[in-house]
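Trainee: The structure that follows is given in the form of structure tokens.
The values are calculated or read from the model by the stated rules, or taken from the named source; none is laboratory data. Predicted model only: the values in this text are computed from it and were never measured. A quick note on method: Cβ atoms are made from the backbone with ideal geometry, for glycine too, and the neighbour counts reach across all protein chains shown.
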Amino acid sequence: MSPAWLQSFLNATVKEEAPRLYVWNLSNLEGQTQPFGSTASSRPDELTSYRHEDNLNRRVYILGVGNLGTLFASSLASLPEPPPITLVVHRKDLLLSWREQPGIEITRGDSIYKHLDFDVELWSEEPPSTGLKREVAEGQEIHNLIVATKASQALPAVDRICRYLNETSTIAFAQNGMCKLWPPHGKTYAKSRYLGESYPNFLACVTTHGVTSLGRFKSFHASEANLKIGPVLLNKFPEKASYLLDVLCRAPTLHGEKVTQDELWILQLEKLVVNSIINPLTAILRCKNGDLFIEKEGVFAELINALLLEASNVLQALIKDRSTDAIIRPASREATFTTKVETDHEDIRRRRDLLNRFSQPQLREMLYSVGNKVKDNTSSMLQDVRAGKQTEIDEFNGWLVEMATCLNDNLDITHHRILIDLVHDGNFLPKESLVSYFPSWKGSNSAAV
């Protein structure tokens, strides 16, 4: 049976019936005046850059301009020869904010880096009533798209613009959590929404940078780390993805590196485990990341161990499941072996190594190592809670619950279900109260925490 998210797309209209989308930019705002310090990006009626075919091929669209969108945009703009960049916002008030204070700012240490040279657009089914009326990408194809929205909004946002995507398009998802297009569901989605093999190349990023918000279009780069980027689902023209891959790996401060599909899958799973522990616990406790790992023994440490054990059981069951064959034993790797026996032996070895990598003791060691590196950071979920925004709990812990259900292996995921409920209910609890919500520690002595 298809998961609920996939079923909703399978029931939707096909690409040809997707809505036309119109561009709103600064020229379409009532009372538009030229802001101080504006650049070509503030003169959207000049379409030379759009109409030049080379610029259309090179242009990078960034959908979502939160912390990650700001990080990607500032890094790409810092290239010696940056590509044309379009920032796509989702509300009119964000366009108005840009008009009043154009540019994005990212702070590193005591230095503030400001970039102005962007086109900024809002995409709407309603054409603007003033100024120039034009379609997204001049009604042509979007070649390079970075999706930096929240995880729950990522695939719906891409699906909304499928009219402007085809086999020449490359999409890089930059969200936390697992990309939804991993086998076995990715190809089902792609073939249902795009005719034949005309779907884009889909990439995903694993970002370990620490970035916090300082306001609209302003972020603090709290900790520099790296970016791993690789394929999730490629079409019959995988070479079309090379431009976006290369430009992201060359962008200063991103420290980007290309990885293979199976490496990317493993990295996303590991980061999911980290996010499913650090994010909800810090959101409930209202604490810095490092406060979770001060004590390695006691009731609270045992709660972390229980969460890790449940995650380990789900991921080990997933590794054993035949649905992961396309990732664990890709055709390119099988081609290096001459007999089926050799292929089967390699498959057994590979799965054995992964089962060990996702065992509870290994995950615990990995979690505490990451926790030490990001101890001074504020988790994205705690930032969302403080800002009154929807959290990504359903994309982290909810993914584990959904996967446990899909695998139908009598997997116990009780602790993660409780965490989801606590975050949904907006609970703010001290450690001793938090552990009392879990059946194993009801009535525990708070002094043991």
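Trainee: Identify all residues within region 99-120 that are part of a helix (DSSP H, G or I) and in contact with a helix residue (DSSP H, G or I) (Cβ under 7 Å, 6 or more places away or on another chain); write none if there are none.
Mentor: Initially, region 99-120 is screened for residues part of a helix (DSSP H, G or I), giving 99-100.
The one that is part of a helix (DSSP H, G or I) and in contact with a helix residue (DSSP H, G or I) (Cβ under 7 Å, 6 or more places away or on another chain): 99.
Residue-wise test of (1) in a loop (DSSP other than H, G, I, E, B); (2) crowded, with 17+ Cβ neighbours inside 10 Å.
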{"position": "131", "(1), (2)": "yes, yes"}
{"position": "138", "(1), (2)": "no, no"}
{"position": "154", "(1), (2)": "no, yes"}
{"position": "175", "(1), (2)": "yes, yes"}
{"position": "196", "(1), (2)": "yes, no"}
{"position": "199", "(1), (2)": "yes, yes"}
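Trainee: With 432, 342, 395, 365 as the choices, which residue is of a type in the set (Asp, Glu) and crowded, with 20+ Cβ neighbours inside 10 Å? First the steps, then the outcome.
Mentor: Numbers: 432 fails: crowded, with 20+ Cβ neighbours inside 10 Å; 342 fails: crowded, with 20+ Cβ neighbours inside 10 Å; 365 fails: crowded, with 20+ Cβ neighbours inside 10 Å.
After applying the criteria, what remains is 395.
Condition check ((1) surrounded by 15 or more Cβ atoms within 10 Å (Cβ to Cβ); (2) free of Cβ contacts under 8 Å to residues at least 24 places away in the same chain; (3) not aromatic (Phe, Trp, Tyr)) across all residues:
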{"site": "293", "(1), (2), (3)": "yes, no, no"}
{"site": "312", "(1), (2), (3)": "yes, no, yes"}
{"site": "324", "(1), (2), (3)": "yes, no, yes"}
{"site": "346", "(1), (2), (3)": "yes, yes, yes"}
{"site": "349", "(1), (2), (3)": "no, yes, yes"}
{"site": "360", "(1), (2), (3)": "yes, no, yes"}
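Trainee: Of these, 398, 426, which one is at pLDDT 95 or above and either at positive phi or touching a strand residue (DSSP E or B) at 6+ places or on another chain (Cβ under 7 Å) (or both)? Explain how you work it out, then say what you get.
Mentor: Details: 398 fails: either at positive phi or touching a strand residue (DSSP E or B) at 6+ places or on another chain (Cβ under 7 Å) (or both).
Going through 398, 426 in turn, the sole match is 426.
Trainee: Here are some conditions: (1) in a loop (DSSP other than H, G, I, E, B); (2) farther than 22 Å from residue 72 by Cα. Residue 186 meets all but one. Which one does it not meet?
Mentor: (1)
Trainee: So, one more: Looking at this structure, is residue 203 in contact with a helix residue (DSSP H, G or I) (Cβ under 8 Å, 6 or more places away or on another chain), touching a residue at least 24 places away in the same chain (Cβ under 8 Å) and buried (at least 20 other Cβ atoms within 10 Å of the Cβ)?
Mentor: Numbers: in contact with a helix residue (DSSP H, G or I) (Cβ under 8 Å, 6 or more places away or on another chain): yes; touching a residue at least 24 places away in the same chain (Cβ under 8 Å): yes; buried (at least 20 other Cβ atoms within 10 Å of the Cβ): yes.
Considered against the rule, which asks whether it is in contact with a helix residue (DSSP H, G or I) (Cβ under 8 Å, 6 or more places away or on another chain), touching a residue at least 24 places away in the same chain (Cβ under 8 Å) and buried (at least 20 other Cβ atoms within 10 Å of the Cβ), residue 203 comes out as yes.
Trainee: With the requirement that a residue be hydroxyl-bearing (Ser, Thr, Tyr) and surrounded by fewer than 15 Cβ atoms within 10 Å (Cβ to Cβ), what does region 103-124 give you?
Mentor: The initial filter retains those residues of region 103-124 that are hydroxyl-bearing (Ser, Thr, Tyr), namely 107, 111, 113, 124.
Hit for region 103-124 is 111, nothing else.
Trainee: Something else about it: Search region 14-43 for residues being assigned to a loop (DSSP other than H, G, I, E, B) and surrounded by fewer than 11 Cβ atoms within 10 Å (Cβ to Cβ), and hand back the single one that is modelled with the lowest pLDDT. Spell out the reasoning first.
Mentor: Pass one, region 14-43, residues assigned to a loop (DSSP other than H, G, I, E, B): 14, 18-21, 25, 29-39, 43.
Then drop every residue that is not surrounded by fewer than 11 Cβ atoms within 10 Å (Cβ to Cβ), which leaves 30-31, 33-34, 36.
Values: 30: 80, 31: 69, 33: 55, 34: 50, 36: 43.
Per the stated criteria, the residue is 36.
Trainee: Another question about this same structure. Just the residues that are among the acidic types (Asp, Glu) and either closer than 11 Å to residue 144 by Cα or assigned to a helix (DSSP H, G or I) (or both), please, taken from region 52-84.
Mentor: Residues of region 52-84 that are among the acidic types (Asp, Glu), as a first pass: 53-54, 81.
Of everything in region 52-84, those that are among the acidic types (Asp, Glu) and either closer than 11 Å to residue 144 by Cα or assigned to a helix (DSSP H, G or I) (or both) turn out to be 53, 54.
Trainee: May I pose another question? With respect to residue 149, determine if the residue is of a type in the set (Ser, Thr, Tyr), outside any helix (DSSP H, G or I) and either modelled with pLDDT of 95 or more or crowded, with 20+ Cβ neighbours inside 10 Å (or both). Explain how you work it out, then say what you get.
Mentor: Details: of a type in the set (Ser, Thr, Tyr): yes; outside any helix (DSSP H, G or I): yes; either modelled with pLDDT of 95 or more or crowded, with 20+ Cβ neighbours inside 10 Å (or both): yes.
Spelling it out, residue 149 is indeed of a type in the set (Ser, Thr, Tyr), outside any helix (DSSP H, G or I) and either modelled with pLDDT of 95 or more or crowded, with 20+ Cβ neighbours inside 10 Å (or both).
Trainee: Output the residues belonging to region 292-301 that are modelled with pLDDT of 95 or more and in contact with a Ser or Thr (Cβ under 9 Å, 6 or more places away or on another chain).
Mentor: Within region 292-301, 292 is the sole residue that qualifies.
Trainee: Here's another thing I want to ask about it. So how many residues does region 267-279 have that are over 21 Å from residue 306 (Cα atoms) and over 15 Å from the mean Cα position of the chain (by Cα)?
Mentor: So the count comes out to 0.
Trainee: Mind checking which residues of region 232-249 are more than 14 Å from the chain's Cα centre (by Cα) and either hydrophobic (A, V, I, L, M, F, W, C) or under 30 Å from residue 289 (Cα atoms) (or both)? Explain how you work it out, then say what you get.
Mentor: As a first pass, look at region 232-249 and keep what is more than 14 Å from the chain's Cα centre (by Cα): 233-249.
If the condition is that a residue be more than 14 Å from the chain's Cα centre (by Cα) and either hydrophobic (A, V, I, L, M, F, W, C) or under 30 Å from residue 289 (Cα atoms) (or both), then 233, 234, 237, 241, 244, 245, 247, 248, 249 are the ones that fit.
Trainee: Right, here's the next one. Output the residue which, of all residues in region 78-102 that are crowded, with 19+ Cβ neighbours inside 10 Å and closer than 18 Å to residue 251 by Cβ, is nearest to the chain's Cα centre (by Cα).
Mentor: Checking each candidate, the answer is 87.
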